[in-house]
Amino acid sequence: MCCDVDGSCYDGNDDWCCNDIPYCSNDGAEYAEEEGIIECPIIPFIDDDLRMLAGDTSESTGGMSIELEIAGDEAAKDTPIYDLCGFDGSADYTTNWTVILAFNSIVFAVLAVCSVLMCLTYLVWPIGYVGAFGNCLGCCAYLAAIIVTGVFRYSTEGKQCVEWASSDKAWTYDLNEDGDSFNMSDHADAITGLFIA
């Protein structure tokens with residue numbers, strides 16, 4: 001979380017904390033060394049979504065607040081922050097993990113509804129046909145979901161994300177003030193589980 005003395009972590013000389021313990025600064029390597037912390041990893045862009053993930057509740061900047069001269073800057077603006085895990089600066093970088101999660105959510109929801117419909121045949125017998133037909137199509141979609149999950153999880157970008165999330169450069173995303181958080185390595189394990197399931 002932001003713990004800079006001026007209250008803003010988006011003005012170029014910023015200090016970040018983890019559990020109220022100073023962690024990193026982007027005010028230069030010398031300053032970080034003097035303070036006994038590390039220099040913050042380079043973030044390709046910071047927008048309102050990332051500011052919220054970081055716990056900054058200050059007034060919105062209305063979009064981009066920092067732009068770095070890197071090849072992927074323009075493309076990265078349109079990519080969900082979740083898909084930039086392990087970002088390497090390339091113009092077309094994305095893990096597509098949001099696609100994995102959305103596709104699997106839809107497939108499992110359809111399969112669950114069709115299973116419930118099959119269970120309700122004792123009330124209205126024709127509804128069982130709808131459930132059976134939906135399960136047949138749902139199983140085809142499930143096979144597609146397994147393939148998509150495997151392709152995106154074990155793609156070059158997916159492997160980079162896992163490698164980054166397992167390193168000391170990764171940070172935990174705080175979701176709210178109650179202390180709920182997540183780490184991308186946990187999500188990588190969950191996505192691997194989806195592929196194996």
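Miscellaneous remarks
- Taking a sphere under 12 Å around the Cβ of K159 and counting the other residues whose Cβ falls inside, with K and R at +1 and D and E at -1, yields a net charge of -2.
- Here the range 97-153 is treated as a Stokes sphere of Kirkwood radius computed over C-alpha pairs; at 25 °C and 0.890 mPa s its diffusion coefficient rounds to 207 µm²/s.
- Cβ crowding within 10 Å, taken as a proxy for footprinting-reagent exposure, orders C18, C40 from fewest neighbours to most as C18, C40.
- Using a simple spin-label model with pseudo-atoms 7 Å out from Cα toward Cβ, S155 and D92 lie 1.0 nm apart.
- Within the range 97-111: backbone nitrogen closer than 17 Å to the C140 label point (7 Å, Cα to C-beta): 107-108, 110-111
All of the numbers you see were taken from the coordinates with simple rules; none came from a lab. This is a predicted model, so every value here is computed, not measured. All Cβ positions, glycine included, derive from the backbone under ideal geometry; neighbour counts span all protein chains shown.
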